[in-house]
Amino acid sequence: MAFKIVVCAKQVPDTNEIKIDPVKKTLMREGVPSILNHDDANALEEALLIKDKYPDTHITVISMGPPQAKDMLIECLAMGADEAVLASDRALGGSDTWATSNALAAVIDKLGGCDLIFAGRQAIDGDTAQVGPQIAEKMDIPQVTYVSELEISKDMKRITVKRALEDGYELIEIDTPCMLTAIKELNTPRYMSISGIFDACKKEIPVWGAADLGVDVDKEVGLDASPTKVFRSFTPAPKGKGEMLEGETECDLAKGLLVGLKSKHVI
């Protein structure tokens, strides 16, 4: 029986092009390029590396988002994933991390479960790092976050994980099925292949709505069911132009700094 891996991926706005609506104080996505979330690309690459080593592995990439997220899923298929599923429905719109994890857990359940779930540590548009762990909790499976290295046993039943910490790392042994969230140090994502692009464009990507997933649109998904409320989003005011100090000695530089700070009433 094939070893089943599910990779959770998200289409996010290119952070180099992010804009904020000056009136609504929300992200403006219209006309902003969208990309595959960086950490999710690392999660997919690790799944593909397992498939390279153990060919009897089936990789499904899942995502929740607007219809155009199909473009991102096609990219994942072109990289080597076997299939992709998109959860997309107006009823799912406005979901926070809790509601999103409800929807994605329902997608995995509808797929018949899996042996391993990969996700990126966090999405660059939200930076919460919550969805992966929340999916694991809802599916009642063990999890390890901030994965920088891993080794899977030959029987595919046990995984040894190196988890990055602020001041070092820890080694954890975990049984499958489980959830792992990837960081960029885990690997270097591969590029799409020409043949992979042609094959990916031929594959059908099913789109499942709230009714298909069997989720309660009043209590489990969508804006109204989301306990997190965003008050506003804003762009920080740009910093003023810097000033370079010049002098022949450190004493000259220190004197110039003091004069400048006093003139600005900092000291």
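Points worth noting:
- Condition met for Asp216 (of a type outside the set (Val, Ile, Thr), outside any helix (DSSP H, G or I) and open to solvent by 90 Å² or more (accessible area, probe 1.4 Å)): no
- Subset of the stretch 143-172 (residues that are among the polar types (S, T, N, Q), under 15 Å from Ala47 (Cα atoms) and surrounded by 14 or more Cβ atoms within 10 Å (Cβ to Cβ)): Ser148
- Inter-residue pairs, beta-carbon under 9 Å, first without any contact (Cβ under 8 Å) to a residue 40 or more places away in the chain and at negative phi and in the stretch 79-97, second in a loop (DSSP other than H, G, I, E, B) and crowded, with 20+ Cβ neighbours inside 10 Å, 6+ apart: Arg90/Gly222
- The set of residues in the stretch 110-157 that are over 30 Å from Phe231 (Cα atoms), without any contact (Cβ under 8 Å) to a residue 40 or more places away in the chain and acidic (Asp, Glu) comprises Asp140, Glu149, Glu151, Asp155.
- Yes/no for Glu170 being closer than 25 Å to Met79 by Cα and acidic (Asp, Glu): no
- Unmet requirement for Ile108, which otherwise passes all of (1) among the β-branched types (Val, Ile, Thr); (2) open to solvent by less than 20 Å² (accessible area, probe 1.4 Å); (3) touching a Leu at 6+ places or on another chain (Cβ under 9 Å): (3)
- Of everything in the stretch 60-77 that is of a type in the set (S, T, N, Q) and within 15 Å of Ala43 (Cβ to Cβ), the residue that is surrounded by the fewest Cβ atoms within 10 Å (Cβ to Cβ) is Thr60.
- Residue list for the stretch 87-104, restricted to those being among the hydrophobic types (A, V, I, L, M, F, W, C), surrounded by fewer than 23 Cβ atoms within 10 Å (Cβ to Cβ) and under 17 Å from the mean Cα position of the chain (by Cα): Trp98
- In the stretch 5-48, residue surrounded by the most Cβ atoms within 10 Å (Cβ to Cβ) [restricted to those that are modelled with pLDDT of 90 or more and part of a loop (DSSP other than H, G, I, E, B)]: Ala9
- Subset of the stretch 224-255 that is open to solvent by 100 Å² or more (accessible area, probe 1.4 Å) and not charged (D, E, K, R) - its residue that is nearest to Ser63 (Cα to Cα): Val230
- Cβ pairs under 8 Å, 6+ apart, first in the stretch 31-58 and in contact (Cβ under 8 Å) with a residue 60 or more places away in the chain, second among the hydroxyl-bearing types (Ser, Thr, Tyr): Asp39/Thr181; Ala43/Thr181; Glu45/Thr188; Ala47/Thr57; Ile50/Thr57
- Qualifying residue in the stretch 121-133 (condition: acidic (Asp, Glu), surrounded by fewer than 16 Cβ atoms within 10 Å (Cβ to Cβ) and under 20 Å from Lys184 (Cβ atoms)): yes
- Phe118 fulfils the conditions (1) assigned to a strand (DSSP E or B); (2) open to solvent by 20 Å² or more (accessible area, probe 1.4 Å); (3) not basic (Lys, Arg) except for a single criterion, (2).
The values are calculated or read from the model by the stated rules, or taken from the named source; none is laboratory data. These numbers come from a predicted model, not from an experiment. Heads up, the Cβs are rebuilt from the backbone with ideal geometry, glycines too, and the neighbour counts pull from every protein chain shown. Surface areas here come from the heavy atoms of the whole protein model, side chains and all, with no ligands, DNA or RNA. Shrake-Rupley method; radii C 1.70, N 1.55, O 1.52, S 1.80 Å.
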